[in-house]
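Before any comments, here is the structure.
The values are calculated or read from the model by the stated rules, or taken from the named source; none is laboratory data. Remember, it's a predicted structure, so these values are computed and weren't measured experimentally. Every residue, glycine as well, gets a Cβ built from its backbone with ideal geometry; the counts of neighbours run over all protein chains shown. Heavy atoms of the whole protein, side chains included, go into the accessibility calculation; ligands, DNA and RNA do not. Shrake-Rupley method; radii C 1.70, N 1.55, O 1.52, S 1.80 Å.
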Amino acid sequence: MCKLELKDGSIIEVEKGTKNIDVVKKISEGLARNTACIQFNDEIQDVQKEVNADGKFTVITLDEPAGLKVFWHTSSHILAQAVTRLFPDVLLTIGPATDNGFYYDFDIKQNFTEEDFIKIEEEMKKIVKEELAITYFELPREEALKQVKDNPYKVELINELPKDAVISFYKQGDFVDLCAGPHLNNTKHIKAFKIMSSTGAYWRGSEKNKMLNRLYAISFPKANMLEEYITKREEALKRDHNRLGRELEIFTTAEQIGQGLPLLMPNGARIVQLLERFVEDEEQRRGYVLTKTPFMAKKDLYELSGHWQHYKDGMFILGDEQKEDEVFALRPMTCPFQFMIYKASQKSYKDLPIRYNETSTLFRNESSGEMHGLTRLRQFTLSEGHLVVRKDQLEEEFRGVVDLIYFMMKTLGIEKDVTYRFSKWDPNNKEKYLDMPEAWESAENEMRKILDALKINYIEAVGEAAFYGPKLDIQFKNVHGKEDTIITVQIDFALAEKFDMYYMDSDGSKKRP
């Protein structure tokens, strides 16, 4: 027998091998009808998975964010199945749930049309009415590769998995897809859905790869929920900055210039001018010193900082790396430039803290699918600062930065519309992050202590840190519900050493800031 601790602290016993969904039915038949997945200890599991050990057993319903994502992930498979029925030559790639629905990327010869949307939705209705059981199965690597041998995208995904990885699939009727899950147990639960749009998207988000056709869609367990969503979306479109900005002649775009490169019209340029003056004056009042640094630098600078190794795909490269000529890159951030300013003269412990600020125009090679209006641009301007501090000054200076941010958000009237995320490293991702476990632990503990002292209500997110340190991300949702990071505060524990930055301490010794 297995002992399971429920959310209310009570204990139930079930036989080993009992399916999760049968455990839920034992608790409540009504609850079972609204169950999306299970959290067993810290793992999100399929309702079909078997219980084989003691542990904490938490039911996640369709009303919860995690449950809704399972619902949408299942919907993406129904979408993919409908497309394969209508377009047999299509190649499937990936189809994840998002914060606002789901999408699936297809390798297909023609672009999807509005007429195709209607046909696909009709086919999805048929699949739902067929009440297809959704089953999970695993295959050894060789058999898995045979299963997907005609699909190079799935072959690539399998070949990238670790040798000891579990390779899993989901089957509904005659449709099978490589997938880690979890999913619902039957297609019948998806009562209402709508394809919202179609767009191009590069495979793996890289412009070096083939352009795919992406279908965005939404689904709900009740038809009236879809009707409510469409009504809210229509209202949101009226308040979309991308539409209002053009109507008010704040900005425009031109195909000949390129996506993510907006043109600020006189109204927009005036707004930016006033903001820049206001922000720079306030920063000066708070002890910041202004810098102006180049828009580009040799790759040597980015190799020194680590951006070349960890951020190169997000940069615009100028020159041919294969030749001996100098290779430059447009700057995606200014920190390495300001560190060079710091190094231009010897500093004493009395000189710290130094608060550098700059109204910086930056360049980032964003993928086409991520850009919208004035968010996630390829060229943008922001106010940023880099504070060089002694360790004993860290908490006070962090508080000062947060106070500046609060002041700016209150001035703009958005202080009540944001949420806070404590972004940490992922120790299993050696490629994305500097492999310095002790330094990460120390910096994250320090930041947590400061955030708690400031009584900031935050969530923690593993894998969202900068490659050189943890950060506080301030998140803002647009009218469509999509969340973006608008402000960050980062503790950088690594670049002072990379740039050999130091100050002379009171005892005459060299110290790292």
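When the solvent-accessible surface of protein heavy atoms is calculated with a 1.4 angstrom probe, in what order do Arg376, Arg364 fall, highest first?
Result, largest first: Arg376, Arg364.
Would you work out which of Phe363, Gln338, Phe316 lies farthest towards the positive end of the dipole of the range 287-371? Charges go on Cβ: Lys and Arg +1, Asp and Glu -1.
The residue sitting farthest along the positive end of the dipole is Gln338.
Could you work out how far helix 114-129 tilts from the main Cα principal axis of the chain, as a 0 to 90 degree angle to the nearest 10?
So the helix axis and the longest Cα principal axis differ by about 50 degrees.
Starting from the range 230-281, pick out the GluC sites (Glu not before Pro) whose DSSP state is loop and whose Cβ has at most 11 other Cβ atoms within 10 Å.
Glu249, Glu255
Positive end of the charge dipole of the chain (Lys, Arg +1 and Asp, Glu -1 on Cβ, about the Cα centre): tell me which of Phe175, Ala443, Asn267 has its Cα farthest that way.
Value computed over the given set: Asn267.
Determine the share of the chain's accessible area contributed by carbon and sulfur atoms, expressed in whole percent, with a 1.4 angstrom probe.
After summing per-atom areas, the C and S share lands at 50 percent.
222 nm [θ] for the chain, helices only, -39500 (n - 2.57) per DSSP H run of 4+, per residue, to 500?
Per the formula, -10000 deg cm²/dmol.
Could you tell me which of rounded, prolate or oblate describes the range 233-328, using a ≥ b ≥ c as the square roots of the eigenvalues of the alpha-carbon gyration tensor, with rounded for a/c under 1.5 and, failing that, prolate when a/b is larger than b/c and oblate otherwise?
Values: a/c = 2.46, a/b = 1.42, b/c = 1.73.
Oblate.
Counting other Cβ atoms within 10 Å, which trypsin sites (Lys or Arg not before Pro) in the range 415-513 have at most 16 and lie in a DSSP loop?
Details: sites: Lys416, Arg421, Lys424, Lys430, Lys432, Arg448, Lys449, Lys455, Lys471, Lys477, Lys482, Lys498, Lys510, Lys511; in loops: Lys416, Lys430, Lys432, Lys455, Lys482.
Listed in order of number, the matching sites are Lys416, Lys430, Lys432, Lys455, Lys482.
How much accessible area per residue does the chain have, counting only protein heavy atoms and a probe of 1.4 Å, in square angstrom?
Values: 27820 Å² over 513 residues.
Roughly 54 Å² per residue, with all protein chains present.
Quick one: how many lysine pairs in the range 307-399 have C-alpha atoms under 28 angstrom apart, if they're 8 or more apart or on different chains?
Working: Lys312/Lys323; Lys312/Lys343; Lys343/Lys391; Lys347/Lys391; Lys350/Lys391.
Taking the range 307-399 as the scope, the lysine pair count is 5.
For a label point 7 angstrom out from the Cα of Ser345 toward its Cβ, which stretches of the range 268-307 have the backbone nitrogen within less than 17 Å?
Once the point is set 7 Å along Cα→Cβ of Ser345, 288-292 turn out to lie under 17 Å by backbone N, inside the range 268-307.
Could you work out how much longer the chain between Lys16 and Gln39 gets when fully extended? Use 0.36 nm per residue separation minus the Cα distance between them, nm to one decimal.
Gain on stretching Lys16 to Gln39: 6.6 nm.
About the Cα centre, and with charges only on the beta carbon of Lys, Arg (+1) and Asp, Glu (-1), how big is the dipole of the range 318-402? Nearest 20 debye, please.
Approximately 360 debye in magnitude.
For the range 1-156, with only Lys/Arg (+1) and Asp/Glu (-1) charged at the beta-carbon, what is the dipole magnitude about the Cα centre, in debye rounded to 20? Working shown, then result.
Working: 20 positive and 30 negative charges, 66 e Å.
It works out to roughly 320 debye.
Please go through the range 248-340 and write out the trypsin sites (Lys or Arg not before Pro) that DSSP classes as loop and that have at most 13 other C-beta atoms within 10 Å. Walk me through the numbers on the way to the answer.
Working: sites: Arg270, Arg277, Arg285, Arg286, Lys292, Lys298, Lys299, Lys312, Lys323; in loops: Arg286, Lys292, Lys323.
Those that pass, being in a loop and sparsely packed, are Lys292, Lys323.
DSSP beta bridges in the chain, what fraction antiparallel, as a percent rounded to 5?
Details: 76 of 87 bridges.
If I count the DSSP bridges inside the chain, around 85 percent turn out antiparallel.
Ignoring ligands and nucleic acids, what accessible area does Leu62 show with a 1.4 Å probe (Å², nearest 10)?
Per-residue accessible area (Leu62): approximately 20 Å².
If you line up the long axis of helix 223-238 against the longest principal axis of the chain, both from Cα atoms, how many degrees apart are they, to the nearest 10?
Here the helix axis deviates by roughly 30 degrees.
Report the net charge of residues surrounding Gly287, where surrounding means a beta-carbon distance below 14 angstrom and charges are Lys +1, Arg +1, Asp -1, Glu -1.
Computed value for this residue: -4.
From the cross-link list Lys25/Lys149; Lys119/Lys482; Lys194/Lys410, which pairs have alpha carbons spaced over 31 Å apart?
The pairs that break the limit, which is 31 Å between Cα atoms, are Lys25/Lys149; Lys194/Lys410.
Give the distance, in whole Å, between the Cα centre of the range 198-224 and the Cα centre of the range 437-505.
31 Å
Grab the beta carbon distance between Val418 and Gln309, set R0 = 30 Å, and tell me the FRET efficiency rounded to 0.05.
Efficiency for this residue pair is about 0.40.
Suppose every K and R has +1 on its Cβ and every D and E has -1 on its Cβ; what is the size of the dipole of the range 353-477 about the Cα centre, in Debye to the nearest 20? All intermediate terms of the calculation are to be shown ahead of the outcome.
Numbers: 18 positive and 22 negative charges, 72 e Å.
So the dipole magnitude of the range 353-477 works out to roughly 340 debye.
Count the net charge of all other residues whose Cβ sits under 12 Å from the Cβ of Gly17, scoring Lys and Arg as +1 and Asp and Glu as -1.
0
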